[in-house]
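The values are calculated or read from the model by the stated rules, or taken from the named source; none is laboratory data. Bear in mind the structure is a predicted one, so any value in this text is a computation, not a measurement. As a convention, Cβ positions derive from the backbone with ideal geometry for all residues, glycine included, and neighbour counts pool all protein chains shown. Surface accessibility is based on the protein's heavy atoms, side chains included, excluding ligands, DNA and RNA. Shrake-Rupley method; radii C 1.70, N 1.55, O 1.52, S 1.80 Å.
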Amino acid sequence: MSLGTTLLGLLERNPQHGYDLKNAYDERFATRRPLAYGQVYATLSRLLKNGLVEIESVEAGSGPERKRYAVTDAGVTDVERWLSRPESPEPYLQSTLYTKVVLALLTGRPADEILDVQRVEHLRRMREFTRRKAEGDLAEQLICDHALFHLEADLRWLELTAARLNDLAKEVRR
């Protein structure tokens, strides 16, 4: 996800200070790891340089001046373009786990143990996401569902690979 484009989208509703943008982002998208203020201001600086935002006003305060940012027409166009583009499905055609299984088979190590350890870890993560989903609001539930569906697919792969391990071992050792 592009932080810059997300901030532009948040600014479409109304001009905001960097502090307010950070809070809006954290509330909606950073359920476990909030953005650093420096990351927000560095991104706003880049957006300003690229003409995607402008400074609507500057307010004096007890500390540094507070700039209120507004999205430009070019920024709105950037958001529209990003939203209309489909995301590329990311098949993990050669995952680290596959590499570990093949290397274990090539070196005579027990590949089934690698699969078993990974299965335990996947199940642990699934329990964690299931707990978070039960305790969370709708946004958290949807995020957890996404993660759970990916973990379920990984588990199916682990089971399939375990069932085909002898055949894979013969093929790899040729």
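Ordering of 55-62, 105-112 by packing is 105-112, 55-62, highest average first (other Cβ atoms within 10 Å, averaged per residue).
Result for the chain in a Gaussian network model with C-alpha springs under 10 Å: among LEU44, LEU83, LEU35, the largest mean-square fluctuation is at LEU83.
As an exercise, take the mean of 1/r over every pair of distinct alpha carbons in region 5-44, invert it, and state the Kirkwood radius in angstroms. If you can, show how the numbers build up before the last one.
Numbers: mean 1/r = 0.0991 Å⁻¹.
Answer for region 5-44: a Kirkwood hydrodynamic radius of 10.1 Å.
Diffusion of the chain by Stokes-Einstein, at 4 °C in a medium of 1.567 mPa s and with Rh set to the Kirkwood radius over alpha-carbon pairs, works out to 65 µm²/s. With point charges of +1 on the Cβ of Lys and Arg and -1 on the Cβ of Asp and Glu, referenced to the Cα centre of the chain, which listed residue (TRP157, LEU168, VAL120) lies farthest in the positive direction of the dipole? Looking along the dipole axis, the top candidate is LEU168.
Rounded to a whole number, what % of the accessible area of the chain do carbon and sulfur atoms account for, probe 1.4 Å? About 53 percent, which is the carbon plus sulfur part of the accessible surface. Under 5 Å from the amide H of HIS17 lie the amide H atoms of TYR69, each residue being 5 or more positions distant or on a separate chain, with H modelled from the backbone and absent for Pro and chain starts.
At 1.4 Å probe radius, can you tell me the per residue accessible area of the chain in Å²?
Result: 68 Å² per residue.
Between ALA36 and ALA24, the contour length at 0.36 nm per residue exceeds the alpha carbon distance by 3.0 nm. The charge dipole of the chain, taken about its Cα centre with unit charges on the Cβ of Lys, Arg, Asp and Glu (plus for the first two, minus for the last two), comes to roughly 620 debye. Restricting region 66-174 to GluC sites (Glu not before Pro) that sit in a DSSP loop and have at most 13 other Cβ atoms within 10 Å of their own Cβ leaves GLU87.
Select from region 1-102 those trypsin sites (Lys or Arg not before Pro) which occupy a DSSP coil region and have at most 16 other Cβ atoms within 10 Å, ordered by residue number. Write out the running numbers ahead of the final one.
Numbers: sites: ARG13, LYS22, ARG28, ARG32, ARG46, LYS49, ARG66, LYS67, ARG68, ARG81, LYS100; in loops: ARG32.
Answer in residue order: ARG32.
Available extension along the chain between ALA70 and GLU56 is 4.5 nm, counting 0.36 nm per residue and deducting the alpha carbon span.
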